[in-house]
Amino acid sequence: MGRLLKLREAHKTDVPATCSVLWAHDGSHLATSCASDTEVLIHDLSAPPPGRSGSTAGSSPVVLRHHKEGVTAIALGPTAGPLASGSFDHSVKLYNFPVGSFQGNVTRFTLPIKSLAFNKSGSLLAAAGDDDGIKLISTIDLTISRVLKGHRGPVTGLSFDPKHDYLASIDSFGTVIYWELSTGKQLHTLKSIAPNYNSDSSVLNTLSWRPDGEMLAVPGLRNDVVMYDRDTGEKLFNLRGDHEKSVCSFCWSPNGKYLATSGLDKQVLIWDVDLKQDIERQKFEERICGLSWKPVGNSLAVIDVVGRFGIWDNPVPVSMKSPTEGVVLNEPHPLFEDEDEEEVLGKGISCYSGSLDDSIEKGSGDFSPISRKRVKKRGPSFDEGEEVLQEIDSRKRRKESENKRGDGEIRERAVRMQDAFQVGFTPPQQGKRRFLCYNLLGCVTSLENDGFSHVEVDFHDTGRGPRVPSMTDYFGFTMAALNEKGCVLANPCKGEKNMSTLMYRPFGSWANNSEWSMRFELEEVKVVALGKNWVAAVTSHNFLRIFTESGLQMHILSVNGPVVAAAGSGDLLAVVTHASDCLSSGDQVLEIKVFNINEATQTISGRLPLTPCSHLTWLGFSEDGRLGSFDSKGNLRVYSDQFGGSWLPVFSADKARKSEDENYWIVGFNATKFFCIVCKSPESYPSVMPKPVLTILEFSSPLASSDLGADEVENEFMMTNLQLSEIRKKIKDMEAFGLDVTALDDEAFSLEVKLDRCILKLIASCCHSDRLVRATELARLLSTQKSLKGAITIVTASKLPILQEKFSTILEERMLDDLKTPEPIPTGRSNGKTAYSVQPPVRLSPMMEKSPDLNNRTPNTIKPQIKSSPATETLKLVKARYSTPENLAQGEDISKERELGSKLEKLATFVKGKGNATSEVTGKDVSSSATGNVKPELKIPINPFARVKKAT
Amino acid sequence: MAGQTDHSLSIFSAAEVEFIAEDEMIEIVPNIRMDALNLLCGDFGPFVPQIPCTVPLWLAVALKKRGKCSIRTPDWMSVEKLTQVLEAERESPREFQPLPFHYVEISRLLLDHAHDDIPEVYMVRSLIEDIRNVRFHKVESGLETISGRTHAVKLKNLSAMEVNLVRPFMARVLQAFYKHDSPEMVQQADTSASKRPQVVDRGPRRDLRPR
């Protein structure tokens, strides 16, 4: 919809003010008002279109000048009039419509009026504003029939339930109250469900019943519109999509199938409510504050905050169902056949539910005399039985419509592939500085100013990071990547003159003028990434271009599809591309490849999993080189080598969110937690000023709720296991390079201890909930004998002799195994090390005292048992056969050095033959437990020494 | 301003109270990377840029002075909260709103050293001043109600600075009352009956004033 809707001026206002627009029920007239104008205008649309409202004589609108101050709200009765207007001058006035003759003052308030609404039959007018209390005024004799008090702030929106049971109201704090009209009681009070505009009087919260009265639309906190159930006030679903800021006003189409919403981001979106999908949009120069569907035909009247209104023809694409289809009209219109009525939500509903909406904003209603009678009949003489029936009926209908919605989603969901995005960027905002790149190291910000921008590079660590002078950017950079050594900037192509440019700025270089730039003709840089001594850019031609730090063009690769994102760290570059069009379910098909630039290899290749119907919002490496992705539904996944390389979900925002209005904008992660900026809705990204502060959140697995009731412990168990496997893998990798792994061993050991503690807790809760088999299984997972004894203590305390027996058997088995595997010290580095040093021999059980060094070795021998399933047990045996006696000599040395006594030496020599074999196995098993690979082991007997010495 | 003006009476000087208050914990956002500090009073850090951590106020101020961190304004120091507190203080003449025990000192230190980290500094400054005035006024008016019958004054939520200013005075007043009320009493059991005749005995109170 490239065409921009032309708006014409109706009200003159210097400052943005809330304006409203209403259609007459037959679509022939349009009423407009403006909060900074005292006039209400009635435009006759049946006359030839006026050049400019108010100026051309022929079709000048009817001007109603009865208010002394700005008109804040207008509402239109169901039949040919009346028109009500409320104003800052505290009065509500009634007029004949469309003639415009003044009928009289309805009521006066002590404070400005903010909102008006007629009920379906036109017999009641609700008015509210800054006063406490909503007045319900009978339009027949203009008496106040009821005052509803309950809101704590200015009431800004009112809507009568089309079935005349309820009135819904919303205040500027975002609180919604359902009132029962017959009693005047508050049925439901939904606090703070809509944005709080208390400090900002220029935006008024609104709400609106669907024309069939089955649901109430309320602006949500997350740039969405939320639907609430008619009877229970429960949240049904929300319409969330491309509004970048809060929705400030909306309007149901007459048949309730479509919803037009306008946001503070100056967009108007048309939604297909059944599909929960936006189908059309238009951007305006100013914020649209009033919307109204034409009761007949496919048109939408809009009015913006500066008092200009326009009519948007065919907001719903002609190919789709008309927004008025299925509405029961009093005069049959050739345009609308009733054949589809069954399919539309009006199924089984009589005229009053299938007819028009009468929200405050629109107030446009088209009522047949019959329907009015119906409504009246439904008044006080409404019998209970019928109500129950009605309820059942409505539930049934809801179910039906839900089913239909489900079908529709699959059938005709408008799917969209996400555009390329730069990791850590925020969208541009007028006159505000924005992030081109934000990571754990620093940020690149840009502020546009008269055609060129100022780009600044800041490091979070002001003590260490280089100070980078800000630069003036004539290219209009929109992408950036930053690391310690430099930053890369790129701009998209903007016409012929302004071609796409890539610029690299090193922060510290021995040569002058070492910054360089590349231009791309007929090609556009989509994303950039930065690593150790290389710069990468993926372009619109699906080229992955790799440059060296000095600007040498090193490699050009073709990637598989349109790029989505890229991230670099060290030697690794991850590139995410689209693999195909979206699936019909709305899921995107993304592919990820990780390249090692220095070695020119590809380390990971595969699909990138996403939560259904979400898009990728972040991609990056942790400090230790693990890859992670974050999607728009708030799920963080980390790549792991487990199961041949898979993505493990480690965090879900839905579970972790403390309040509805928190959005997590992720920045980075490490082994156990991730760093994010918590943004309060409606913002989904941080602003540059004030400086955002990182929040650390722990990983949490999306565990099923189990019968143990120890979710936290279970989560800890999962996470520690994951961490442990990562560390083991790393130890293995480092050993392969012959590096010192002492530190990692320490870490692994403390993790094992942590895991044991966690398992003990789980055993305790298993005992509580009588899960004895699970407890036994957990006991087998314990890595040290000390913990196993702890487990026995636990079961003894919980008086479970069976378990006690079982555990004792496990312990015995372990001890026997220990006796069989006497020489595991050199290889089993990562195992129990300090356990024995901490644990003095005095505390040994009589059984263990038989061999003093048994105690030393226990952890090693336990290890294979812990981590191995029966399958790996057998594998172990197989491996044992093939292993070579490599570490024998070392083992001997160690045992001597330890000076554990002749007994040990004797034992060592005794088991020399088979002992080395077994020890080999244990070591191997430990390291390969993470991946399952059997690779030649490296034996570097570093830590056992060190630790033993330290300890003794 | 009986208690407030008479600093010689206070056990601690304002500076000393401030010194004590510097042990309160506060959240800072460092902009440097630094290992954890292992101090006598505890371990603080490690400090990672942009990641908030909690440190004693003195450390926060020291870091702030060197431009190594920004201090996060505590919750109660937001304009919104302070406005609420001020309103509540004004509405309830008998009781004090719960504020941190060292709110006067903390706010003073933050306003002096970290004014650039506080959103709407001027507003916050004036609100805190107002709150302080209102509360001191309440303390004073509370003092006026002390009479011979009083043998204890219950002041909930009084802050360090406030209590420091009135404590010596209050203690002496009560002591004096006690002494003059019941010279013959050995036990502290003080019945209203024994007090009654003494209420008339207002003479000695005059002597207290000049102190």
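The values are calculated or read from the model by the stated rules, or taken from the named source; none is laboratory data. These numbers come from a predicted model, not from an experiment. Positions of Cβ are backbone-derived with ideal geometry, glycine not excepted, and every protein chain shown enters the neighbour counts.
Results, tabulated for the structure shown:
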| read-out | value |
| --- | --- |
| Hits in the range A:764-790 - residues which are of a type in the set (Val, Ile, Thr) and in contact with a Ser or Thr (Cβ under 9 Å, 6 or more places away or on another chain) | A:Thr784 |
| Test for A:Met479: is it in contact with a Phe, Trp or Tyr (Cβ under 9 Å, 6 or more places away or on another chain) and either at pLDDT 90 or above or away from chain B (no Cβ under 14 Å) (or both) | yes |
| Some residue of the range B:83-99 being under 14 Å from B:Ser159 (Cα atoms) and among the aromatic types (Phe, Trp, Tyr) | yes |
| Qualifying residue in the range A:225-238 (condition: part of a strand (DSSP E or B), of a type in the set (A, V, I, L, M) and out of contact with any Phe, Trp or Tyr (no Cβ under 7 Å at 6 or more places or on another chain)) | yes |
| In the range A:170-206, the residues that are farther than 13 Å from A:Tyr228 by Cβ and more than 28 Å from the chain's Cα centre (by Cα) | A:Trp179, A:Glu180, A:Leu181, A:Ser182, A:Thr183, A:Gly184, A:Lys185, A:Gln186, A:Ser201, A:Ser202 |
| Neighbours by Cβ (under 6 Å, 6+ apart or cross-chain): first from the range A:612-625, surrounded by fewer than 16 Cβ atoms within 10 Å (Cβ to Cβ); second part of a loop (DSSP other than H, G, I, E, B) and not β-branched (Val, Ile, Thr) | A:Pro612/A:Asp587; A:Glu623/A:Asn670 |
| Unmet requirement for B:Glu95, which otherwise passes all of (1) over 17 Å from the mean Cα position of the chain (by Cα); (2) assigned to a loop (DSSP other than H, G, I, E, B); (3) not basic (Lys, Arg) | (1) |
| Cβ-Cβ under 7 Å pairs, at least 6 apart or on other chains, the range B:42-55 side without any contact (Cβ under 8 Å) to a residue 24 or more places away in the chain and on the phi > 0 side of the Ramachandran plot, far side in a loop (DSSP other than H, G, I, E, B) and β-branched (Val, Ile, Thr) | B:Gln50/A:Val693 |
| Any hit, the range A:685-692, residues being out of contact with any Pro (no Cβ under 8 Å at 6 or more places or on another chain), in a loop (DSSP other than H, G, I, E, B), of a type in the set (Lys, Arg) and within 13 Å of another protein chain (Cβ to nearest Cβ) | yes |
| Selection count where residues are more than 13 Å from the chain's Cα centre (by Cα) and touching a residue at least 40 places away in the same chain (Cβ under 8 Å), scope the range B:139-150 | 6 |
| Selection status of A:Gly486, touching a residue at least 60 places away in the same chain (Cβ under 8 Å), within 30 Å of A:Pro690 (Cα to Cα), away from chain B (no Cβ under 14 Å) and not basic (Lys, Arg) | yes |
| Strands (runs of 3 or more DSSP E) within the range A:381-470 that include 2 or more residues away from chain B (no Cβ under 14 Å) and at pLDDT below 80 | none |
| Count of residues meeting criterion [within 15 Å of A:Ser192 (Cβ to Cβ) and buried (at least 22 other Cβ atoms within 10 Å of the Cβ)] in the range A:225-235 | 2 |
| Residue within the range B:85-104 that is over 16 Å from B:Asp130 (Cα atoms), within 14 Å of chain A (Cβ to nearest Cβ) and either surrounded by fewer than 17 Cβ atoms within 10 Å (Cβ to Cβ) or not hydroxyl-bearing (Ser, Thr, Tyr) (or both) present | no |
| Selection within the range A:544-578 - within 20 Å of A:Ser605 (Cα to Cα) and assigned to a loop (DSSP other than H, G, I, E, B) | A:Val559, A:Asn560, A:Gly561, A:Pro562, A:Gly570, A:Asp571 |
| Failed criterion for A:Ser700 (all others in (1) in contact (Cβ under 8 Å) with a residue 12 or more places away in the chain; (2) within 14 Å of chain B (Cβ to nearest Cβ); (3) touching a Ser or Thr at 6+ places or on another chain (Cβ under 9 Å) hold) | (2) |
| Where a residue in the range A:140-152 is loosely packed, with under 14 Cβ neighbours inside 10 Å and its partner, wherever it lies, is hydrophobic (A, V, I, L, M, F, W, C) and not in a strand (DSSP E or B), with Cβ under 7 Å and at least six apart | A:Arg152/A:Phe173 |
| Selection count where residues are exposed (fewer than 13 other Cβ atoms within 10 Å of the Cβ) and either modelled with pLDDT under 90 or not in a strand (DSSP E or B) (or both), scope the range A:579-604 | 6 |
| Residues satisfying the stated conditions in the range A:236-257, i.e. crowded, with 18+ Cβ neighbours inside 10 Å and of a type in the set (A, V, I, L, M, F, W, C) | A:Leu239, A:Val247, A:Cys248, A:Phe250, A:Cys251, A:Trp252 |
| From B:Ile32, B:Ile28, B:Ile51, residue being crowded, with 16+ Cβ neighbours inside 10 Å and either outside any loop (DSSP other than H, G, I, E, B) or more than 13 Å from chain A (Cβ to nearest Cβ) (or both) | B:Ile28 |
| Test: residue in the range A:541-559 that is buried (at least 16 other Cβ atoms within 10 Å of the Cβ) and more than 25 Å from A:Gly476 (Cα to Cα) | yes |
| Positions within the range A:162-180 being touching a residue at least 60 places away in the same chain (Cβ under 8 Å) and surrounded by 22 or more Cβ atoms within 10 Å (Cβ to Cβ), in sequence order | A:Pro162, A:His164, A:Tyr166 |
| Neighbours by Cβ (under 7 Å, 6+ apart or cross-chain): first from the range A:533-556, over 14 Å from A:Phe520 (Cβ atoms); second acidic (Asp, Glu) | A:Asn533/A:Glu549; A:Trp534/A:Glu549 |
| Tally, over the range A:88-117, of residues that are touching an Asp or Glu at 6+ places or on another chain (Cβ under 8 Å) and basic (Lys, Arg) | 1 |
| Subset tally (residues that are away from every other protein chain (no Cβ under 14 Å), under 20 Å from the mean Cα position of the chain (by Cα) and either buried (at least 19 other Cβ atoms within 10 Å of the Cβ) or among the acidic types (Asp, Glu) (or both)) for the range B:57-74 | 2 |
| Condition check for A:Glu591: in contact (Cβ under 8 Å) with a residue 12 or more places away in the chain and touching a His at 6+ places or on another chain (Cβ under 8 Å) | yes |
| Members of the range B:117-131 found to be without any contact (Cβ under 8 Å) to a residue 24 or more places away in the chain and within 14 Å of chain A (Cβ to nearest Cβ), listed by number | B:Val121 |
| Every residue from the range A:529-543 that is within 29 Å of A:Trp510 (Cβ to Cβ) and part of a strand (DSSP E or B) | A:Ala529, A:Leu530, A:Gly531, A:Trp534, A:Val535, A:Ala536, A:Ala537 |
